[in-house]
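Note sheet for the following structure.
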Amino acid sequence: MKIFNFNNISSQDKFKLLTSSVVPRPIAWISSKDSNGVYNIAPFSYFNLVSTEPPLISVSIRRDGGVTKDTANNIFTTKEFVVHIVDVDNLEMANKSSYEYRSMVSEIDELGLTRVKSKFVGTDGVKEAKIRLECVYEKHLNLETADLFIGRVVGMQVDDDVVDNEKIDLQILEPASRLGGPNYGLVGEVIPLEKPKK
């Protein structure tokens, strides 16, 4: 077995090893707005569910050269954001939104996405996503090179086609995930296993 001492390897090597090992990772496609009402949307794959009661999600937003990203600045400012679940139909657009636009440029407008009003927060979502989690700021942890946010989900909008009896149909949604390098994945074979009983 090959051994990697993380005290002795480069940041780039750590990145490559971890992002290609911790897979698949769900993608939070986050819309937010600044104090002037300029909208931002960007994908983040350091994202997951924290708990259902209370309903909390986590997202880590890396700083580039110590500079806080627009999404993080916007969450600090407005204390709210919308997480869209990336699926096969909007994956290419989500990837395009990862381009480093200038702060005053709205990726939503640049990419021709359709803004839709949220029901529970003042930040709009985008129509191109089948699932939208409307979130408010709950907590923040300042890491060495990233901002880790805990968001409270205050409401959710789901396309009628993908939800049945409060359960999401993965075959219809076809959620996308982040893999290592330039690679993305879709849900493949599903293996049902019942939880062991005592």
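The values are calculated or read from the model by the stated rules, or taken from the named source; none is laboratory data. These numbers come from a predicted model, not from an experiment. Cβ coordinates were reconstructed from backbone atoms using ideal geometry, including for glycine residues, and neighbour counts include every protein chain displayed.
Within the range 13-40, the residues that satisfy the criterion of being closer than 19 Å to Ser97 by Cβ, surrounded by 14 or more Cβ atoms within 10 Å (Cβ to Cβ) and without any contact (Cβ under 8 Å) to a residue 60 or more places away in the chain are Ala28, Ile30.
Is it the case, given these coordinates, that Lys130 is under 30 Å from Val38 (Cβ atoms), modelled with pLDDT of 95 or more, in contact with a helix residue (DSSP H, G or I) (Cβ under 8 Å, 6 or more places away or on another chain) and not aromatic (Phe, Trp, Tyr)? If you could, list the steps in order and put the result at the bottom.
On the way: under 30 Å from Val38 (Cβ atoms): yes; modelled with pLDDT of 95 or more: yes; in contact with a helix residue (DSSP H, G or I) (Cβ under 8 Å, 6 or more places away or on another chain): yes; not aromatic (Phe, Trp, Tyr): yes.
When the stated conditions are applied, Lys130 passes them.
Sort through Val59, Val105, Val88, Val116 and tell me the only one that's surrounded by fewer than 16 Cβ atoms within 10 Å (Cβ to Cβ) and either touching a His at 6+ places or on another chain (Cβ under 8 Å) or modelled with pLDDT of 95 or more (or both).
On the way: Val59 fails: surrounded by fewer than 16 Cβ atoms within 10 Å (Cβ to Cβ); Val105 fails: either touching a His at 6+ places or on another chain (Cβ under 8 Å) or modelled with pLDDT of 95 or more (or both); Val116 fails: surrounded by fewer than 16 Cβ atoms within 10 Å (Cβ to Cβ).
Exactly one of Val59, Val105, Val88, Val116 is surrounded by fewer than 16 Cβ atoms within 10 Å (Cβ to Cβ) and either touching a His at 6+ places or on another chain (Cβ under 8 Å) or modelled with pLDDT of 95 or more (or both), namely Val88.
Filtered by the rule that a residue be polar (S, T, N, Q) and more than 18 Å from the chain's Cα centre (by Cα), the range 63-77 gives a lone residue, Thr77.
Could you go through the range 24-35 and let me know if any residue there is aromatic (Phe, Trp, Tyr) and either out of contact with any Gly (no Cβ under 9 Å at 6 or more places or on another chain) or under 26 Å from Pro182 (Cα atoms) (or both). Yes, some residue in the range 24-35 is aromatic (Phe, Trp, Tyr) and either out of contact with any Gly (no Cβ under 9 Å at 6 or more places or on another chain) or under 26 Å from Pro182 (Cα atoms) (or both). Within the range 119-133, if we keep just the residues that are out of contact with any Gly (no Cβ under 9 Å at 6 or more places or on another chain) and of a type outside the set (A, V, I, L, M, F, W, C), the residue that is surrounded by the most Cβ atoms within 10 Å (Cβ to Cβ) turns out to be Gly125. Residues of the range 71-86 being in a strand (DSSP E or B) and not β-branched (Val, Ile, Thr), which ones? Residues satisfying the conditions are Glu80, Phe81, His84.
From the list Val154, Val158, exactly one residue is closer than 27 Å to Arg115 by Cα, in contact with an Asp or Glu (Cβ under 7 Å, 6 or more places away or on another chain) and either of a type outside the set (Val, Ile, Thr) or modelled with pLDDT of 95 or more (or both). Which is it?
On the way: Val158 fails: in contact with an Asp or Glu (Cβ under 7 Å, 6 or more places away or on another chain).
Exactly one residue qualifies, and that residue is Val154.
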